[in-house]
Amino acid sequence: MKILLGITGGIAAYKSLELTRLFVKTGHQVQVVMTSGAKAFIQPLSFQALSGNPVRDSLFDCHQEAGMGHIELARWADQIVIAPASAETLAKLRMGRADDLLTTLCLATEKPIMVAPAMNRLMWSNKATQENVQILKQRGFEVLDPEEGKQACGEVGAGRMPEPQAIFEHTMNAQQQRQHLEQRLLDVRAFWQNRSILITAGPTIEDIDPVRFIGNRSSGKMGFALAEAAQKLGANVTLIAGPVQISSPPTIKRIDVRSADQMFHAVQQHYAGKDVFISAAAVADFKVAQKSVKKIKKQAQEEGLLLSLVKNVDIVAWVAEQENKPFVVGFAAETDHVLEYAKEKLKRKKLDAIIANEVGEGAKGFESNRNCVTLITKDGLQAFEEASKKQLGFQLLDAISSLGFNKTSVCN
Ligand code: C5P
C-alpha cells in the first residue's frame, strides 16, 4: 500500500518514526509530509532515513514540486494517515483550508484519510475541537480517538496519541475492510447486472370528487432510493410511482400513476419477465365506491357526508399468485407489533420476502430521509441499523441478492 504519512506539530511526532518503520518493515511505501510545526519537534532527516523517500514540507518549493507535484502526490497515495494530528490541523481540515502542503493534499484527494489527534486534554475536550472532529467524521474521515493518560505537558487526561502499533493495526484493518467492501460491491453489481426489477413507490390517491381525495403520508423516498440503487448496480429498472415530487434518472423507466387502480394496471402490464418485484408503494386499501363527477356541496349534506368505500386489489398479493411470477418483496409499514404483523403478511400474501418498518409518531419510516428496517423471509430475518434511505437501498438490494433466487421463487 502507498501511505502518505502527515506529521503535524506535537510532541507525539517522535512516535511516528516508529510508525514509519512499521509500515516500511511490512512492505508498504511511505512518503512523509511535515508541517512547519512538526519540524519544530523533529528533524525531517529522521523520516527520510526511515521511509527511504525525501520528506515533503513545502507547497511552494519549485525543486520539490518538480519532482512530484502536490496533486500527483495526492493521487499517488492509497491511504493518508495524519499522526499526530494537531488541533490546528483538525480545524483547517474542517474548514477546507489549503495553506500548507498537507491540508492541500487532503483537499485534493478522494482517498481515505485517517487522523490520530494528539494534544493537551483541554484542547481536545474543547467544544471547538470536538465539533471539528464530529464534522470530519461525518465527512468520512476516520478518527482514532486519543488515549487517556499522563501527558507531555504534565497534565493527566485524554489527548495522548495511540501507540504506533495500534495506529498501524488500525490502518491495516481499515484497508482490509475496504477491500472486502469493494469486493462485495463487485459481487452485488455482478448479480444485478442486466436483471430486471419492477418497483412501486409512493402513495396512491383515491379521488372523492374533482377536488377532494383520500391519500396517505408515504413520501416515496424508500422506493425511489431502491430504484436508484438498483439502476446504479446495473439493473434494468421500471418504477411505477404514485404522486410524489421526486425526480428520477432518465435511465429508469418511470410510469406515473395516481390511484391504486392505475397502479394495478401498470403493474399488470409490466410485471411479466421481471426478476424481482418490490412493492414499496403505500397502496390505498380502499377507494370511494362512487366517485362524484362534480364537487360535492356541503350545503347538500346536512347530516354529514357518508362515504361508501370498496376494497382495492391487493397488488403485491396478486403478483405473488401469478405463474412465472418474479421474486416478490413487499413492505410492511406498521405502528406496532411490527415484526409480528410483517411475518403474518409475508405468509398471507405469499411473498418471498417482506421489509418491515415502523411508522408513526417518533418512528423514522414515512416522510423521513432515514429509515430502520428488517428484511424477513420464511427462513429468518435480517435487521438493518438505522441509515439513510439511500444507503438502505443498496444494503437491501445486497441482502436480496443473497437470498439466492432464480427467476422462479425459492420460497413458499
Ligand atoms: O396490507 P398492507 O397494505 O399493510 O401491505 C403492505 C404491502 O402490500 C406493501 O408491499 C404494499 O405495497 C402492498 N399493497 C399492495 N396493494 C394494496 C395494498 C398493499 O400491493 N392494495
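A short reminder: the numbers here are calculations on the coordinates, not readings from a lab. These figures come from a predicted structure and were not determined experimentally. Virtual Cβ from ideal backbone geometry, glycine too; neighbours counted across all protein chains shown.
Once the Cβ-Cβ distance of Tyr341 and Val24 is raised to the sixth power relative to R0 = 45 Å, the FRET efficiency obtained is 0.15. Peptides 338-348, 247-257, 299-309, ordered by how many other C-beta atoms sit within 10 Å of their residues on average, highest first, read 338-348, 247-257, 299-309. Pop the C-beta distance of Gln269 and Lys232 into the FRET formula with R0 = 30 Å and round what comes out to the nearest 0.05. That gives a FRET efficiency of 0.75.
Is the shape of the range 297-350 best called rounded, prolate or oblate, per the rule: a/c under 1.5 gives rounded, else a/b larger than b/c gives prolate, else oblate, with a ≥ b ≥ c the square roots of the Cα gyration tensor eigenvalues? It is oblate, given that a/c is not under 1.5 and a/b is not larger than b/c. How much net charge surrounds Val267 when only the other residues with a Cβ under 12 Å from the Cβ of Val267 are counted, with Lys and Arg +1 and Asp and Glu -1? Overall, the nearby charge balance is 0.
Angle of helix 164-192 to the longest C-alpha principal axis of the chain, folded into 0 to 90 degrees and rounded to 10: 30°.
What 222 nm value per residue comes from the helices of the chain, counting each DSSP H run with n ≥ 4 as -39,500 (n - 2.57) and dividing by all residues, nearest 500 deg cm²/dmol?
Details: 15 runs with 154 residues, N = 412.
Helix contribution divided over all residues of the chain: -11000 deg cm²/dmol.
Could you state the angle between the C-alpha long axis of helix 260-270 and the longest principal axis of the C-alpha atoms of the chain, as a value from 0 to 90 degrees rounded to the nearest 10? On a 0 to 90 degree scale, this one is about 70.
Approximating the spin labels as points 7 Å out from Cα along Cα→Cβ, the Met95-to-Gln134 distance works out to 2.0 nm. Listed by Cβ neighbour count within 10 Å, with the fewest neighbours leading, Leu22, Leu351, Leu93 appear as Leu22, Leu93, Leu351. Each Lys or Arg adds one and each Asp or Glu subtracts one; over the other residues with Cβ under 13 Å from the Cβ of Gly9, this totals -1.
Summarising the strand pairing of the chain, around 30 percent of its internal DSSP beta bridges are antiparallel.
Once the Cα atoms are used to define both axes, helix 221-232 deviates from the longest principal axis of the chain by about 60 degrees.
By how many nm would the segment from Asp187 to Gln262 grow when fully extended, if each residue of separation counts as 0.36 nm and the alpha-carbon distance is taken off?
On the way: separation 75, 0.36 × 75 = 27.00 nm, distance 3.62 nm.
23.4 nm is the gain from fully extending Asp187 to Gln262.
Panel order for Arg56, Arg178, by other beta carbons found within 10 Å of each beta carbon, from fewest to most: Arg178, Arg56. Remark: the range 208-321 carries a charge dipole of roughly 420 debye about the Cα centre, counting +1 on each Lys and Arg Cβ and -1 on each Asp and Glu Cβ.
Counting beta carbons within 10 Å around each of Met123, Met1 and listing the fewest first gives the order Met1, Met123. Highest mean packing first, where packing is the average number of other Cβ atoms within 10 Å per residue, the peptides 262-269, 234-241 line up as 234-241, 262-269.
Name the residue farthest towards the positive end of the dipole of the chain from the options Phe394, Pro112, Gln245, assuming +1 on Cβ of Lys and Arg, -1 on Cβ of Asp and Glu, about the Cα centre. Ranked along the dipole, the leading option is Gln245.
Highest mean packing comes first when the peptides 181-193, 200-212 are listed by Cβ atoms within 10 Å, giving 200-212, 181-193. Note on Asn53 and Val293: their simple-model spin labels are 7.9 nm apart, each label 7 Å out from Cα toward Cβ. Extending 7 Å from the Cα toward the beta-carbon at both Met172 and Lys39 defines two label points whose distance is 3.3 nm. In straight-distance terms, cross-link reach from Lys343 covers every one of the aspartates and glutamates whose alpha-carbon lies under 16 Å from its own, apart from those fewer than eight places away in the same chain; here that gives Glu334, Asp352, Glu358, Asp379. Fully extending the segment from Glu110 to Trp318, taken as 0.36 nm per residue of separation minus the present Cα-Cα distance, adds 70.2 nm.
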